[in-house]
Amino acid sequence: MKVAVVGTGYVGLVTATCLAESGNEVTGVDKDVRKIETLSAGKIPIYEPGLLELVQRNRREGRLQFTTDLGPAVKGARLVFIAVGTPQSTNGDADLSAIWSVADEIARHVKDAPPGPPGSRVVIIKSTVPVGTNTRLHERLKAAGCAHLDVASNPEFLKEGAALDDFMKPDRVVVGVRRPEVAEVLHELYAPFLRTEQPFLVMSPESAEMTKYAANAMLATKISYINEMANLCDRLGADINDVRRGIGHDARIGFQFLHPGPGYGGSCFPKDVQAILGMGRHLGLPLYLSEAVDRVNQRQKQVLFEKIAHHYGDLKGKTLAVWGLAFKPRTDDIRESPALALIDNLLAAGAAVRTHDPEAMANVRAEYGDKLVYADRPYGALEGADGLAVVTEWQEFRNPDFEVMRRLLKERVIFDGRNLYDPKLMKSYGFTYYGIGRGDNPARGT
Ligand code: NAD
(Lines give C-alpha, C1' and ligand atoms only; values in the text may rest on other atoms or scores of the structure.)
Protein backbone atom coordinates (compact mmCIF):
# COMPACT_ATOMS: atom_id res chain seq x y z
CA MET A 1 0.00 0.00 0.00
CA LYS A 2 1.12 3.59 -0.54
CA VAL A 3 1.38 5.34 2.78
CA ALA A 4 2.36 8.84 3.89
CA VAL A 5 3.34 9.56 7.49
CA VAL A 6 3.30 13.24 8.40
CA GLY A 7 5.61 13.99 11.34
CA THR A 8 8.82 11.97 11.57
CA GLY A 9 9.46 12.25 15.31
CA TYR A 10 9.67 9.35 17.77
CA VAL A 11 6.29 7.95 16.69
CA GLY A 12 6.13 8.96 13.02
CA LEU A 13 9.60 7.68 12.15
CA VAL A 14 8.98 4.33 13.83
CA THR A 15 5.57 4.03 12.16
CA ALA A 16 6.92 4.90 8.71
CA THR A 17 9.86 2.52 9.05
CA CYS A 18 7.90 -0.44 10.38
CA LEU A 19 5.23 -0.03 7.71
CA ALA A 20 7.97 0.02 5.05
CA GLU A 21 9.54 -3.05 6.65
CA SER A 22 6.27 -4.95 6.10
CA GLY A 23 6.36 -4.13 2.37
CA ASN A 24 4.47 -0.87 2.02
CA GLU A 25 5.72 2.07 0.01
CA VAL A 26 6.11 4.80 2.61
CA THR A 27 6.95 8.50 2.50
CA GLY A 28 7.79 10.26 5.74
CA VAL A 29 6.98 13.98 5.69
CA ASP A 30 8.23 16.61 8.11
CA LYS A 31 8.38 20.37 8.07
CA ASP A 32 11.72 20.25 9.91
CA VAL A 33 14.23 20.61 7.07
CA ARG A 34 17.19 19.47 9.20
CA LYS A 35 15.39 16.28 10.20
CA ILE A 36 14.57 15.44 6.58
CA GLU A 37 18.12 16.19 5.48
CA THR A 38 19.45 13.89 8.20
CA LEU A 39 17.04 11.12 7.21
CA SER A 40 17.71 11.55 3.52
CA ALA A 41 21.43 11.22 4.27
CA GLY A 42 20.76 7.78 5.76
CA LYS A 43 21.06 8.90 9.41
CA ILE A 44 18.41 9.33 12.07
CA PRO A 45 17.77 12.39 14.23
CA ILE A 46 16.88 10.43 17.39
CA TYR A 47 18.27 7.48 19.31
CA GLU A 48 16.03 4.42 19.26
CA PRO A 49 17.61 0.95 19.44
CA GLY A 50 17.59 -0.85 16.08
CA LEU A 51 15.93 1.98 14.18
CA LEU A 52 18.93 3.20 12.19
CA GLU A 53 19.55 -0.20 10.61
CA LEU A 54 15.89 -0.57 9.69
CA VAL A 55 15.67 2.92 8.17
CA GLN A 56 18.80 2.29 6.13
CA ARG A 57 17.63 -1.09 4.84
CA ASN A 58 14.20 0.15 3.80
CA ARG A 59 15.66 3.21 2.08
CA ARG A 60 18.13 1.01 0.24
CA GLU A 61 15.36 -1.30 -0.90
CA GLY A 62 13.33 1.68 -2.13
CA ARG A 63 10.33 1.34 0.20
CA LEU A 64 11.06 4.37 2.41
CA GLN A 65 11.72 7.96 1.51
CA PHE A 66 11.58 11.31 3.23
CA THR A 67 10.50 14.75 2.12
CA THR A 68 9.42 18.16 3.34
CA ASP A 69 6.98 18.33 0.45
CA LEU A 70 3.63 17.14 1.73
CA GLY A 71 1.69 17.58 -1.54
CA PRO A 72 3.09 14.77 -3.70
CA ALA A 73 3.37 12.45 -0.70
CA VAL A 74 -0.29 12.66 0.26
CA LYS A 75 -1.63 12.88 -3.30
CA GLY A 76 -0.24 9.45 -4.12
CA ALA A 77 -1.07 7.80 -0.78
CA ARG A 78 -4.04 5.64 0.09
CA LEU A 79 -3.34 6.09 3.80
CA VAL A 80 -2.08 9.31 5.38
CA PHE A 81 -0.98 9.07 9.01
CA ILE A 82 -0.78 12.21 11.11
CA ALA A 83 1.91 11.74 13.76
CA VAL A 84 2.78 15.33 14.63
CA GLY A 85 3.32 16.54 18.18
CA THR A 86 0.38 17.49 20.40
CA PRO A 87 2.22 19.23 23.25
CA GLN A 88 0.71 20.81 26.30
CA SER A 89 -0.45 24.37 25.72
CA THR A 90 -0.21 27.10 28.35
CA ASN A 91 -3.65 26.30 29.81
CA GLY A 92 -2.84 22.57 30.05
CA ASP A 93 -4.99 21.48 27.07
CA ALA A 94 -3.40 19.58 24.19
CA ASP A 95 -2.16 22.02 21.55
CA LEU A 96 -3.67 20.79 18.29
CA SER A 97 -2.32 23.51 16.03
CA ALA A 98 0.03 21.09 14.21
CA ILE A 99 -2.89 18.70 13.55
CA TRP A 100 -5.03 21.47 12.03
CA SER A 101 -2.19 22.84 9.97
CA VAL A 102 -1.45 19.38 8.52
CA ALA A 103 -5.17 18.79 7.89
CA ASP A 104 -5.47 22.05 5.96
CA GLU A 105 -2.44 21.18 3.87
CA ILE A 106 -3.77 17.71 3.11
CA ALA A 107 -7.10 19.22 2.05
CA ARG A 108 -5.38 21.68 -0.26
CA HIS A 109 -3.62 18.87 -2.06
CA VAL A 110 -6.29 16.18 -2.31
CA LYS A 111 -9.52 18.12 -2.67
CA ASP A 112 -9.55 17.66 -6.43
CA ALA A 113 -8.74 13.95 -6.33
CA PRO A 114 -11.50 11.79 -7.80
CA PRO A 115 -13.62 10.20 -5.03
CA GLY A 116 -13.17 6.43 -4.71
CA PRO A 117 -15.03 3.72 -2.83
CA PRO A 118 -15.10 3.82 1.03
CA GLY A 119 -11.66 3.22 2.49
CA SER A 120 -9.83 4.24 -0.68
CA ARG A 121 -8.35 7.36 0.97
CA VAL A 122 -8.02 7.52 4.72
CA VAL A 123 -6.48 10.10 7.02
CA ILE A 124 -5.43 8.40 10.23
CA ILE A 125 -4.76 10.27 13.46
CA LYS A 126 -1.89 8.55 15.24
CA SER A 127 -1.04 11.48 17.50
CA THR A 128 -2.60 11.47 20.96
CA VAL A 129 -5.57 13.86 20.74
CA PRO A 130 -8.51 14.80 22.98
CA VAL A 131 -11.78 12.97 22.47
CA GLY A 132 -13.75 14.64 19.69
CA THR A 133 -10.71 15.61 17.60
CA ASN A 134 -11.47 12.96 14.96
CA THR A 135 -14.95 14.43 14.46
CA ARG A 136 -13.58 17.97 14.33
CA LEU A 137 -10.99 16.92 11.76
CA HIS A 138 -13.64 15.15 9.70
CA GLU A 139 -15.81 18.29 9.69
CA ARG A 140 -12.83 20.49 8.85
CA LEU A 141 -11.87 18.32 5.88
CA LYS A 142 -15.49 18.25 4.66
CA ALA A 143 -15.68 22.04 4.88
CA ALA A 144 -12.46 22.23 2.84
CA GLY A 145 -14.01 20.16 0.02
CA CYS A 146 -12.68 16.76 1.14
CA ALA A 147 -15.86 14.89 2.03
CA HIS A 148 -14.40 11.91 0.19
CA LEU A 149 -11.72 11.41 2.87
CA ASP A 150 -12.32 8.97 5.71
CA VAL A 151 -10.84 9.90 9.07
CA ALA A 152 -9.75 7.10 11.40
CA SER A 153 -8.14 7.16 14.84
CA ASN A 154 -5.30 4.76 15.55
CA PRO A 155 -3.61 5.65 18.84
CA GLU A 156 -0.04 4.50 19.34
CA PHE A 157 1.07 2.60 22.44
CA LEU A 158 4.78 2.19 21.70
CA LYS A 159 7.40 2.87 24.38
CA GLU A 160 10.52 4.79 23.48
CA GLY A 161 13.50 2.50 23.96
CA ALA A 162 11.48 -0.53 22.82
CA ALA A 163 9.54 1.17 20.03
CA LEU A 164 10.30 -1.26 17.20
CA ASP A 165 9.28 -4.30 19.19
CA ASP A 166 6.17 -2.56 20.46
CA PHE A 167 5.15 -1.56 16.94
CA MET A 168 5.95 -4.92 15.33
CA LYS A 169 4.57 -7.06 18.13
CA PRO A 170 1.83 -4.91 19.61
CA ASP A 171 -0.25 -6.10 22.58
CA ARG A 172 -3.20 -4.83 20.59
CA VAL A 173 -4.04 -2.49 17.74
CA VAL A 174 -6.88 -0.06 18.35
CA VAL A 175 -8.72 1.64 15.51
CA GLY A 176 -11.60 4.07 15.69
CA VAL A 177 -13.66 4.19 12.50
CA ARG A 178 -17.04 5.28 11.16
CA ARG A 179 -17.42 2.49 8.63
CA PRO A 180 -16.30 -1.11 8.37
CA GLU A 181 -14.44 -0.65 5.07
CA VAL A 182 -11.96 1.62 6.85
CA ALA A 183 -11.38 -0.98 9.57
CA GLU A 184 -10.78 -3.54 6.83
CA VAL A 185 -8.06 -1.54 5.12
CA LEU A 186 -6.36 -0.86 8.46
CA HIS A 187 -6.59 -4.53 9.34
CA GLU A 188 -4.88 -5.37 6.08
CA LEU A 189 -2.12 -2.88 6.92
CA TYR A 190 -1.57 -4.26 10.43
CA ALA A 191 -2.05 -7.95 9.58
CA PRO A 192 1.71 -8.62 9.26
CA PHE A 193 2.17 -7.49 12.87
CA LEU A 194 -0.76 -9.46 14.24
CA ARG A 195 0.43 -12.95 13.44
CA THR A 196 0.34 -14.24 16.99
CA GLU A 197 -3.31 -13.49 17.54
CA GLN A 198 -2.98 -10.12 19.20
CA PRO A 199 -6.36 -8.41 19.06
CA PHE A 200 -7.30 -5.86 16.43
CA LEU A 201 -9.89 -3.79 18.25
CA VAL A 202 -12.41 -1.82 16.22
CA MET A 203 -14.41 0.87 17.97
CA SER A 204 -15.76 4.38 17.51
CA PRO A 205 -13.25 7.23 17.00
CA GLU A 206 -14.24 8.66 20.39
CA SER A 207 -13.54 5.37 22.18
CA ALA A 208 -10.21 4.98 20.39
CA GLU A 209 -9.18 8.50 21.38
CA MET A 210 -10.24 7.86 24.96
CA THR A 211 -8.46 4.50 25.09
CA LYS A 212 -5.08 6.16 24.64
CA TYR A 213 -5.68 8.63 27.47
CA ALA A 214 -7.16 5.96 29.72
CA ALA A 215 -4.08 3.77 29.18
CA ASN A 216 -1.62 6.54 29.98
CA ALA A 217 -3.65 7.74 32.95
CA MET A 218 -3.68 4.22 34.37
CA LEU A 219 0.09 3.87 33.99
CA ALA A 220 0.71 7.32 35.49
CA THR A 221 -1.62 6.41 38.36
CA LYS A 222 0.39 3.27 39.13
CA ILE A 223 3.59 5.30 39.27
CA SER A 224 2.15 7.99 41.51
CA TYR A 225 0.58 5.33 43.73
CA ILE A 226 3.85 3.47 44.32
CA ASN A 227 5.72 6.75 44.80
CA GLU A 228 3.25 7.79 47.47
CA MET A 229 3.64 4.41 49.20
CA ALA A 230 7.43 4.79 48.93
CA ASN A 231 7.38 8.18 50.61
CA LEU A 232 5.36 6.70 53.44
CA CYS A 233 7.82 3.80 53.72
CA ASP A 234 10.66 6.27 53.93
CA ARG A 235 9.11 8.00 56.90
CA LEU A 236 8.03 4.84 58.67
CA GLY A 237 11.22 2.82 58.24
CA ALA A 238 9.75 0.25 55.83
CA ASP A 239 11.48 -0.74 52.58
CA ILE A 240 9.32 -0.26 49.48
CA ASN A 241 11.30 -2.99 47.68
CA ASP A 242 10.07 -5.55 50.19
CA VAL A 243 6.60 -4.04 50.09
CA ARG A 244 6.59 -4.29 46.27
CA ARG A 245 7.33 -7.99 46.52
CA GLY A 246 4.71 -8.33 49.19
CA ILE A 247 1.99 -6.84 47.02
CA GLY A 248 3.20 -7.81 43.54
CA HIS A 249 2.70 -11.52 44.05
CA ASP A 250 -1.00 -10.81 44.41
CA ALA A 251 -2.18 -11.51 40.87
CA ARG A 252 -4.76 -8.73 41.16
CA ILE A 253 -1.94 -6.24 41.67
CA GLY A 254 1.13 -7.60 39.85
CA PHE A 255 4.59 -6.06 39.52
CA GLN A 256 4.36 -4.07 36.33
CA PHE A 257 4.82 -0.32 36.45
CA LEU A 258 5.11 -0.31 40.22
CA HIS A 259 8.69 0.95 40.48
CA PRO A 260 9.21 3.90 42.79
CA GLY A 261 11.40 6.65 41.40
CA PRO A 262 11.97 10.36 40.92
CA GLY A 263 8.57 10.93 39.28
CA TYR A 264 7.42 10.21 35.74
CA GLY A 265 8.57 12.38 32.84
CA GLY A 266 8.68 12.05 29.08
CA SER A 267 6.66 13.56 26.31
CA CYS A 268 3.48 11.64 27.13
CA PHE A 269 2.39 11.04 30.73
CA PRO A 270 2.72 14.61 32.04
CA LYS A 271 0.97 16.22 29.09
CA ASP A 272 -1.61 13.48 28.68
CA VAL A 273 -2.68 13.69 32.33
CA GLN A 274 -2.94 17.48 31.85
CA ALA A 275 -5.02 16.93 28.71
CA ILE A 276 -7.38 14.64 30.66
CA LEU A 277 -7.75 17.31 33.31
CA GLY A 278 -8.45 19.78 30.50
CA MET A 279 -11.22 17.53 29.09
CA GLY A 280 -12.78 17.35 32.55
CA ARG A 281 -12.46 21.11 33.04
CA HIS A 282 -14.27 21.82 29.77
CA LEU A 283 -17.09 19.50 30.84
CA GLY A 284 -17.28 20.88 34.38
CA LEU A 285 -16.46 17.36 35.57
CA PRO A 286 -13.94 17.21 38.42
CA LEU A 287 -11.37 14.44 37.91
CA TYR A 288 -10.06 14.04 41.45
CA LEU A 289 -7.89 11.00 40.84
CA SER A 290 -6.12 12.42 37.79
CA GLU A 291 -5.55 15.67 39.69
CA ALA A 292 -3.95 13.76 42.54
CA VAL A 293 -1.80 11.68 40.17
CA ASP A 294 -0.41 14.89 38.71
CA ARG A 295 0.15 16.54 42.09
CA VAL A 296 1.88 13.49 43.53
CA ASN A 297 4.16 13.43 40.49
CA GLN A 298 5.08 17.10 40.68
CA ARG A 299 5.90 16.58 44.34
CA GLN A 300 7.90 13.44 43.57
CA LYS A 301 10.19 15.34 41.24
CA GLN A 302 11.43 17.20 44.34
CA VAL A 303 12.10 14.16 46.53
CA LEU A 304 15.63 13.36 45.39
CA PHE A 305 16.67 17.00 45.66
CA GLU A 306 15.23 17.25 49.16
CA LYS A 307 17.31 14.25 50.24
CA ILE A 308 20.41 15.87 48.77
CA ALA A 309 19.67 19.29 50.32
CA HIS A 310 19.02 17.69 53.70
CA HIS A 311 22.25 15.69 53.57
CA TYR A 312 24.54 18.62 52.78
CA GLY A 313 22.68 21.45 54.47
CA ASP A 314 24.23 24.09 52.23
CA LEU A 315 24.83 23.14 48.60
CA LYS A 316 26.90 26.20 47.69
CA GLY A 317 30.32 25.06 46.57
CA LYS A 318 29.27 21.39 46.40
CA THR A 319 29.54 19.33 43.22
CA LEU A 320 27.02 16.61 42.43
CA ALA A 321 27.44 13.94 39.78
CA VAL A 322 24.22 13.01 37.98
CA TRP A 323 23.99 9.68 36.15
CA GLY A 324 21.14 9.53 33.66
CA LEU A 325 19.54 12.50 31.93
CA ALA A 326 17.02 10.90 29.55
CA PHE A 327 13.55 10.50 31.02
CA LYS A 328 14.07 6.75 30.82
CA PRO A 329 16.74 4.34 29.58
CA ARG A 330 17.31 3.46 25.90
CA THR A 331 16.21 6.85 24.60
CA ASP A 332 17.79 10.26 24.09
CA ASP A 333 14.46 11.97 24.88
CA ILE A 334 14.78 14.47 27.74
CA ARG A 335 11.31 16.00 27.60
CA GLU A 336 10.04 16.53 31.19
CA SER A 337 12.89 14.36 32.47
CA PRO A 338 13.08 14.23 36.28
CA ALA A 339 16.87 14.58 35.89
CA LEU A 340 16.37 18.08 34.56
CA ALA A 341 14.13 19.03 37.49
CA LEU A 342 16.91 17.82 39.83
CA ILE A 343 19.61 19.69 37.89
CA ASP A 344 17.57 22.92 37.95
CA ASN A 345 17.20 22.61 41.73
CA LEU A 346 20.90 21.86 42.20
CA LEU A 347 22.00 24.80 40.08
CA ALA A 348 19.54 27.13 41.83
CA ALA A 349 20.98 26.03 45.18
CA GLY A 350 24.49 26.92 44.04
CA ALA A 351 25.85 23.42 43.37
CA ALA A 352 27.97 22.47 40.37
CA VAL A 353 26.75 19.49 38.32
CA ARG A 354 28.78 16.88 36.45
CA THR A 355 26.64 14.68 34.20
CA HIS A 356 26.76 11.51 32.20
CA ASP A 357 24.15 9.84 29.99
CA PRO A 358 24.85 7.25 27.29
CA GLU A 359 22.60 8.91 24.69
CA ALA A 360 21.00 12.13 25.90
CA MET A 361 23.96 14.43 26.50
CA ALA A 362 23.73 16.25 23.16
CA ASN A 363 20.09 17.15 23.86
CA VAL A 364 20.94 18.37 27.37
CA ARG A 365 23.92 20.33 26.13
CA ALA A 366 21.65 22.07 23.62
CA GLU A 367 19.53 23.32 26.55
CA TYR A 368 22.09 23.87 29.30
CA GLY A 369 25.28 24.70 27.39
CA ASP A 370 28.25 25.25 29.68
CA LYS A 371 26.19 25.38 32.88
CA LEU A 372 27.00 21.68 33.32
CA VAL A 373 30.01 19.44 32.90
CA TYR A 374 29.45 16.59 30.43
CA ALA A 375 31.54 13.48 31.02
CA ASP A 376 31.96 10.90 28.25
CA ARG A 377 32.14 8.07 30.76
CA PRO A 378 30.08 7.48 33.92
CA TYR A 379 33.19 7.48 36.14
CA GLY A 380 34.37 10.75 34.60
CA ALA A 381 31.33 12.45 36.12
CA LEU A 382 32.38 11.28 39.59
CA GLU A 383 35.83 12.89 39.57
CA GLY A 384 35.95 15.39 42.41
CA ALA A 385 32.19 15.17 43.05
CA ASP A 386 30.80 15.34 46.58
CA GLY A 387 28.16 12.73 45.80
CA LEU A 388 26.30 10.87 43.07
CA ALA A 389 22.63 11.03 42.14
CA VAL A 390 21.35 8.25 39.87
CA VAL A 391 18.26 9.40 38.02
CA THR A 392 17.82 7.14 34.97
CA GLU A 393 18.16 3.37 35.25
CA TRP A 394 20.42 2.71 32.26
CA GLN A 395 21.65 -0.87 32.28
CA GLU A 396 25.26 0.21 32.64
CA PHE A 397 24.55 1.94 35.94
CA ARG A 398 23.19 -1.22 37.55
CA ASN A 399 26.44 -2.95 38.30
CA PRO A 400 29.21 -0.36 38.48
CA ASP A 401 32.62 -0.83 40.05
CA PHE A 402 31.99 0.44 43.57
CA GLU A 403 35.71 0.31 44.39
CA VAL A 404 36.42 2.78 41.59
CA MET A 405 33.49 4.93 42.71
CA ARG A 406 34.82 5.01 46.26
CA ARG A 407 38.13 6.30 44.99
CA LEU A 408 36.68 8.96 42.71
CA LEU A 409 34.03 10.51 44.94
CA LYS A 410 35.21 13.11 47.44
CA GLU A 411 32.43 12.10 49.81
CA ARG A 412 31.04 8.57 49.60
CA VAL A 413 27.36 9.28 49.24
CA ILE A 414 24.85 7.97 46.70
CA PHE A 415 21.33 9.24 46.10
CA ASP A 416 19.74 6.39 44.20
CA GLY A 417 16.61 7.68 42.46
CA ARG A 418 15.81 4.24 40.99
CA ASN A 419 16.66 1.89 43.86
CA LEU A 420 19.30 0.17 41.74
CA TYR A 421 21.57 -0.72 44.62
CA ASP A 422 21.30 -2.83 47.72
CA PRO A 423 21.51 -0.60 50.82
CA LYS A 424 23.43 -3.30 52.76
CA LEU A 425 26.01 -3.65 49.99
CA MET A 426 26.36 0.12 49.84
CA LYS A 427 27.01 0.21 53.55
CA SER A 428 29.64 -2.50 53.22
CA TYR A 429 31.50 -0.31 50.70
CA GLY A 430 31.30 2.59 53.11
CA PHE A 431 28.77 4.63 51.16
CA THR A 432 26.07 6.69 52.78
CA TYR A 433 23.08 5.54 50.77
CA TYR A 434 19.70 7.12 50.10
CA GLY A 435 17.11 5.34 47.98
CA ILE A 436 13.44 6.05 47.32
CA GLY A 437 11.26 4.56 50.01
CA ARG A 438 14.01 2.44 51.59
CA GLY A 439 13.33 3.74 55.08
CA ASP A 440 16.35 6.03 55.00
CA ASN A 441 14.63 9.40 55.16
CA PRO A 442 16.65 11.67 57.39
CA ALA A 443 13.38 13.20 58.58
CA ARG A 444 12.07 9.74 59.50
CA GLY A 445 9.43 9.64 62.19
CA THR A 446 9.07 13.40 62.31
P1 NAD B 1 7.93 14.49 18.15
O2 NAD B 1 7.97 15.87 18.69
O3 NAD B 1 9.11 13.60 18.33
O4 NAD B 1 7.63 14.53 16.57
C5 NAD B 1 6.67 15.34 15.99
C6 NAD B 1 7.15 15.68 14.58
O7 NAD B 1 6.11 16.35 13.89
C8 NAD B 1 8.35 16.62 14.57
O9 NAD B 1 9.39 16.05 13.79
C10 NAD B 1 7.83 17.89 13.93
O11 NAD B 1 8.79 18.59 13.16
C12 NAD B 1 6.69 17.34 13.06
N13 NAD B 1 5.70 18.34 12.69
C14 NAD B 1 5.08 19.25 13.49
N15 NAD B 1 4.24 20.01 12.76
C16 NAD B 1 4.32 19.55 11.48
C17 NAD B 1 3.70 19.94 10.27
N18 NAD B 1 2.81 20.93 10.24
N19 NAD B 1 4.02 19.27 9.15
C20 NAD B 1 4.93 18.26 9.19
N21 NAD B 1 5.55 17.87 10.30
C22 NAD B 1 5.26 18.50 11.44
O23 NAD B 1 6.64 13.84 18.77
P24 NAD B 1 6.39 12.28 19.12
O25 NAD B 1 7.02 11.95 20.42
O26 NAD B 1 6.68 11.46 17.92
O27 NAD B 1 4.81 12.30 19.37
C28 NAD B 1 3.90 12.47 18.30
C29 NAD B 1 2.50 12.15 18.83
O30 NAD B 1 2.44 10.78 19.23
C31 NAD B 1 2.09 12.97 20.05
O32 NAD B 1 0.73 13.22 19.97
C33 NAD B 1 2.38 12.02 21.20
O34 NAD B 1 1.58 12.28 22.32
C35 NAD B 1 2.03 10.68 20.60
N36 NAD B 1 2.72 9.53 21.19
C37 NAD B 1 4.04 9.63 21.51
C38 NAD B 1 4.69 8.52 22.05
C39 NAD B 1 6.15 8.60 22.42
O40 NAD B 1 6.62 7.70 23.13
N41 NAD B 1 6.89 9.60 21.99
C42 NAD B 1 4.00 7.31 22.22
C43 NAD B 1 2.66 7.25 21.86
C44 NAD B 1 2.03 8.38 21.33
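The values are calculated or read from the model by the stated rules, or taken from the named source; none is laboratory data. What you see is a predicted model; the values in this text were computed from it and never measured. Note: ideal-geometry Cβ built from the backbone for every residue, glycine included; neighbour counts use all protein chains shown. Calculation scope for accessible area: heavy atoms of the full protein, side chains included, ligands and nucleic acids excluded. Shrake-Rupley method; radii C 1.70, N 1.55, O 1.52, S 1.80 Å.
In this structure the amide hydrogen of A389, modeled in the peptide plane, comes within under 5 Å of the amide hydrogens of A321, V322, W323, F415, none closer than 5 places in sequence on its chain. Between the listed residues I223, P49, G324, the Cα displaced farthest toward the positive end of the dipole of the chain, a dipole computed from Cβ unit charges relative to the Cα centre, is found at I223. Site pair V404 and S207 shows an inter-label distance of 5.4 nm when each label is modelled 7 Å from Cα along Cα→Cβ. The modelled label-to-label distance between R34 and S97, using points 7 Å beyond Cα along the C-beta direction, is 1.9 nm. Close amide H contacts of A4 (hydrogens built in the peptide plane, cut-off under 5 Å, sequence separation of 5 or more or a different chain): T27, L79, V80, F81.
For the chain, a Gaussian network of Cα nodes joined below 10 Å ranks P262, P329, P49 by mean-square fluctuation, and the top entry is P49.
Please list the non-local residues whose amide H lies under 5 Å from the amide H of A351, H modeled 1.01 Å from N, same-chain partners needing a gap of 5 or more. Those qualifying (amide H under 5 Å, at least 5 residues apart or on another chain) number zero.
Extension gain R365-Y225, at 0.36 nm per residue separation less the Cα-Cα distance, in nm?
On the way: separation 140, 0.36 × 140 = 50.40 nm, distance 3.29 nm.
Working it through step by step, the gained length comes to 47.1 nm.
The 3J(HN,Hα) values that the Karplus relation (6.51, -1.76, 1.60; θ = phi - 60°) gives for region 303-308 are, in residue order, 4, 5, 4, 4, 5, 5 Hz. Gly and Pro appear as x. Selection among G369, A339, G7 by position relative to the dipole of the chain gives A339 as farthest towards the positive end (Cβ unit charges, Cα centre). Computed from phi, the 3J(HN,Hα) profile of region 205-212 under the Karplus parametrisation 6.51, -1.76, 1.60 (θ = phi - 60°) reads x, 4, 5, 5, 4, 5, 4, 5 Hz, with x in place of Gly and Pro. Computed from phi, the 3J(HN,Hα) profile of region 243-257 under the Karplus parametrisation 6.51, -1.76, 1.60 (θ = phi - 60°) reads 5, 4, 5, x, 9, x, 6, 6, 4, 6, 9, x, 9, 5, 6 Hz, with x in place of Gly and Pro. Residues H148, H310, ordered by accessible area of protein heavy atoms at a 1.4 angstrom probe radius and largest first, appear as H310, H148. For the pair A292 and E53, the difference between a 0.36 nm per residue extended length and the Cα-Cα distance amounts to 81.8 nm.
Within the straight-line cut-off of under 21 Å between alpha carbons, the lysines reachable from K2 are K31, K75, K111, K126, sequence neighbours fewer than 8 places apart in one chain being disregarded.
Heavy-atom accessible area, probed at 1.4 angstrom with all protein chains present, ranks L287, L96, L201 as L201, L287, L96, highest first.
GNM remark for the chain: springs join alpha carbons under 10 Å apart, and the peak mean-square fluctuation among E228, E181, E367 falls on E367. Of the trypsin sites (Lys or Arg not before Pro) in region 236-341, the ones in a loop by DSSP (not H, G, I, E or B) with at most 14 other beta carbons within 10 Å are R252, K316.
Around the Cα centre of the chain, unit charges on the Cβ atoms of Lys, Arg, Asp and Glu (plus for the first two, minus for the last two) sum to a dipole of about 160 debye. Distance between the C-alpha centres of region 1-73 and region 231-271: 37 Å, rounded to the whole angstrom. A Gaussian network model of the chain, with springs between Cα atoms under 10 Å, assigns the largest mean-square fluctuation among T221, T90, T355 to T90. Charged side chains reduced to their Cβ positions (Lys and Arg at +1, Asp and Glu at -1) give region 102-246 a dipole of some 220 debye around its Cα centre. In region 47-155, which chymotrypsin sites (Phe, Trp or Tyr not before Pro) fall in coil by DSSP and have 15 or fewer other Cβ atoms within 10 Å? Passing both the DSSP loop test and the Cβ count: no residue. How would region 2-203 be classified by its alpha-carbon gyration tensor: rounded, prolate or oblate, with rounded meaning a/c under 1.5 and the a/b versus b/c comparison settling the rest? Here region 2-203 falls in the rounded category. Toward the positive end of the charge dipole of the chain, with +1 on the Cβ of Lys and Arg and -1 on the Cβ of Asp and Glu, the farthest Cα among G278, G85, A349 is that of A349.
Once the Cα-Cα distance is subtracted from the 0.36 nm per residue extended length, the K427 to Y379 segment shows a gain of 15.3 nm. The trypsin sites (Lys or Arg not before Pro) of region 65-156 that DSSP puts in a loop, and whose beta carbon has at most 14 other beta carbons within 10 Å, are K111. Considering only alpha-carbon pairs that sit under 8 angstrom and 6 or more positions apart, the relative contact order computed for region 2-203 is 19 percent. Taken along the Cα-to-beta-carbon direction at a fixed 7 Å, the label points for A251 and E197 span 1.8 nm. Basic side chains Lys and Arg get +1 at the Cβ, acidic Asp and Glu get -1 at the Cβ, and with that the dipole of region 238-446 about its Cα centre reaches some 380 debye.
Partner aspartates and glutamates whose Cα lies under 16 Å from the Cα of K318, excluding those fewer than 8 positions away in the same chain, are identified as E306, D344, E383, D386, E411.
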